[in-house]
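Shown next, in structure tokens, is the structure this report addresses.
No value in this document is a laboratory result; all are computed from the given coordinates. As the structure is a prediction and not an experimental result, all values here were calculated from the model. Backbone-built Cβ (ideal geometry, glycine too); neighbour counts: all protein chains shown.
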């Protein structure tokens, strides 16, 4: 099982291959985007690669409909987040998931860790995310809100470093940066409050 990052979009409209390539060109990033046996505007899978051919990521587009992979993923996420903290974020996500129309899943491959692989993946992900209201998800990390701030704790206990977070207060997101390794910061976040010293 690989490591995945995802965009959960409220739109099922496809973003064309040329739009994704333009996102790379805008940032002067060199990579190839390859589709197999599909048209540029009607794709379900794209391979992102370095110019050398080394794969960076496999991108799959899964529409959310009855018995689809997209609907199965959302059902798994709903079961997974139900007991996560903060409880207010978990509840917000459970209310958000029914609005999701398409799941874009990036399987992170070895080329992501070479040269500017993460920058290439992030440029494509950013283009998809900005196309419609959407949230982000990363395995072993958690979920963001639509503004990209991290809202749910699914990190390993040993994690540390600065991270952009948000907690829900009176249906409004309170955004801040915390140190993931700071136990007081962590406890406040898990309780759904902004740490007092940030």
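Condition check ((1) touching a helix residue (DSSP H, G or I) at 6+ places or on another chain (Cβ under 8 Å); (2) surrounded by 13 or more Cβ atoms within 10 Å (Cβ to Cβ); (3) closer than 29 Å to residue 20 by Cβ) across all residues:
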site: 136; (1), (2), (3): yes, yes, yes
site: 146; (1), (2), (3): no, yes, yes
site: 180; (1), (2), (3): yes, yes, no
site: 185; (1), (2), (3): no, yes, no
query: Limited to the stretch 57-94, what total is found for residues that are touching a helix residue (DSSP H, G or I) at 6+ places or on another chain (Cβ under 8 Å), over 28 Å from residue 35 (Cα atoms) and without any contact (Cβ under 8 Å) to a residue 40 or more places away in the chain?
result: 4
- line: In the set 105, 75, the lone residue that is under 27 Å from residue 142 (Cβ atoms) and not in a strand (DSSP E or B) is 75
- request: Hey, can you tell me all the residues within the stretch 51-69 that are over 17 Å from residue 125 (Cβ atoms) and buried (at least 17 other Cβ atoms within 10 Å of the Cβ)?
  value: 64
- prompt: Looking only at residues in the stretch 22-44 that are within 17 Å of residue 131 (Cβ to Cβ) and touching a strand residue (DSSP E or B) at 6+ places or on another chain (Cβ under 6 Å), which one is surrounded by the fewest Cβ atoms within 10 Å (Cβ to Cβ)?
  reply: 44
